[in-house]
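This report concerns only the one structure given below.
Any read-out appearing in this document is the output of simple, stated calculations on the displayed coordinates, not a laboratory observation. Note that the coordinates shown come from a computational prediction; the quantities given were computed from them, not determined experimentally. Cβ coordinates were reconstructed from backbone atoms using ideal geometry, including for glycine residues, and neighbour counts include every protein chain displayed.
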Amino acid sequence: MSTSAPKRLANLWDDAKAAAMSEPERLVYRSNLLGSDKRVTNYGGGNTSSKIFQKDPLTGQDVEVLWVKGSGGDSASIKLDGFSTLYMDKLRALKGLYRGVEFEDEMVGYLPHATFNLNPRAASIDTPLHAYVNHPYVDHMHPDAIIAIAASVNSKELTKQIFGDSIGWLPWKKPGFELGLWLGKYCEENPNSKGLILESHGLFTWGDTPKECYETTIAIINQAIAWFEQQTEGKTIFGGAAVPSLPAEQRRAIAAKLMPKIRGLISEDSHKLGHFDDSAAVLEFVNSNNLRPLAALGTSCPDHFLRTKIRPLVIEFDPANPDIDAVVANIPEDIAAYRVDYQAYYDRCKHDNS
Ligand SMILES: [Zn+2]
């Protein structure tokens with residue numbers, strides 16, 4: 001892992017490459033560029049779309065088709081077959097069948113009826129969030145810097161303060177048909193807006209060309225990163241450092257001892273692959289005075305729950321007295337306690353119909 005990643009996102013769009021592509025290929029290209037940096041979106045999270053005019057195989061007429069990331073998969077590695085394709089006129093017609101927010105889940109069942117060209121890729125529940133935005137290109141990402149704003153108690157005020165009128169704000173709403181209608185209404189009422197922040201969730205951005213859409217996404221995230229830099233400059237964050245980092249070689253040697261043990265213990269139900277990250281940002285957090293209370297607060301974007309559970313397990317380790325054998329010996333107990341805690345959270349929060 002790189003330990004010196006620059007804070008700002010680079011604009012990776014290559015006009016020459018994009019010019020040689022078809023519209024669907026440009027959608028794959030845009031998605032891969034966005035997904036390649038995990039600061040833009042988490043693994044498997046977010047989606048991209050293009051509304052493309054194509055020949056209907058039945059009538060030979062040009063029809064508007066929504067290409068949108070389907071269920072499953074990750075933006076960084078998605079290929080053409082990762083996108084579902086749906087007739088836009090049929091998606092618009094669904095508004096006539098909508099019986100209101102208490103019935104919104106039934107709308108998912110209609111999506112397969114709008115399939116274009118017998119595409120077997122299932123449409124995701126995020127499909128309406130793209131369909132009803134009246135711009136041809138839409139990115140929906142879960143960027144770290146945007147989620148930090150979106151999950152703040154005053155996210156609406158912060159959004160206005162940082163982005164002015166260029167980026168709107170919507171209160172938290174579960175992704176689905178109703179949220180799709182909200183997005184459509186927002187776009188119609190704010191034709192000059194470049195996107196919006198959805199409270200506690202992430203970012204929607206759009207454009208009239210794929211390049212404009214991509215560049216807006218990158219620029220808006222960079223604007224958020226710049227704002228955080230300004231706010232935190234010269235300030236102590238995470239309560240300051242409690243411990244110094246061990247040298248990189250020692251960190252890796254310790255990780256190499258821990259990882260097989262951890263993998264063995266968490267792979268009881270299904271096999272897992274491990275990932276070790278000792279980037280500067282991670283070290284700043286794990287070395288800090290506030291590591292334990294902040295870790296206990298957990299993640300703030302519901303989409304991250306799918307991958308990370310509600311909070312990380314903190315394994316006690318003193319770099320001044322690196323007794324790695326004691327750490328290894330305690331891991332089974334640590335993980336068992338984490339399982340009990342998570343099971344209790346799940347039982348406390350589950351609904352009969354969820
Ligand atoms: Zn999302």
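For VAL101 and LEU294, the FRET efficiency from 1/(1 + (r/R0)^6), where r spans their Cβ atoms and R0 equals 30 Å, is about 0.30. Between ALA326 and LYS261, the distance separating the two model label sites (each 7 Å from Cα on the Cα→Cβ line) works out to 1.2 nm. The separation of region 248-288 from region 118-137, counted between C-alpha centres, amounts to 37 Å. For the chain, compute the orientation-averaged projected area of the C-alpha convex hull (one quarter of its surface), in nm². In nm², the orientation-averaged hull projection of the chain is 20.5. Computed 3J(HN,Hα) for region 211-221, one whole-Hz value per residue from the Karplus formula 6.51 cos²θ - 1.76 cosθ + 1.60 where θ = phi - 60°, is 5, 4, 4, 4, 5, 5, 4, 5, 5, 5, 5, glycine and proline marked x. When only Cα pairs below 8 angstrom with a gap of at least 6 residues are kept, region 216-313 shows a relative contact order of 32 percent. With contacts taken as Cα pairs under 8 Å at a separation of at least 6 residues, the chain carries a relative contact order of 16 percent. Multiplying the residue separation of THR236 and GLU249 by 0.36 nm and subtracting their alpha-carbon distance yields 2.0 nm. Remark: the ASP334-LEU80 segment gains 87.2 nm on full extension, using 0.36 nm per residue and subtracting the alpha carbon distance. Taking packing as the residue-averaged number of other Cβ atoms within 10 angstrom, the listed peptides 231-239, 164-172 run from highest to lowest as 164-172, 231-239. For ALA151, the residues 5 or more places off, or on other chains, whose built amide H falls under 5 Å of its own are SER200. Dividing the summed helix terms, -39500 (n - 2.57) for each DSSP H run of n ≥ 4, by the number of residues in the chain produces a 222 nm estimate of -12500 deg cm²/dmol to the nearest 500. Rounded to two decimals, the Cα radius of gyration of region 248-349 over 2.2 N^0.38 Å is 1.13. Taking 31 Å as the limit for the C-alpha separation, the pairs LYS173/LYS235; LYS90/LYS194; LYS38/LYS90; LYS69/LYS235 exceed it in the case of LYS173/LYS235; LYS38/LYS90; LYS69/LYS235. Modelled spin labels at ARG92 and TRP172, positioned 7 Å past Cα toward Cβ, are 3.5 nm from each other. In summary, the lysines within cross-link reach of LYS17, defined as a Cα separation below 19 angstrom excluding same-chain residues under 8 places away, comprise LYS79, LYS211.
The simple Förster model, with R0 at 35 Å and r as the Cβ-Cβ distance, assigns SER22 and GLU189 a FRET efficiency of 0.55.
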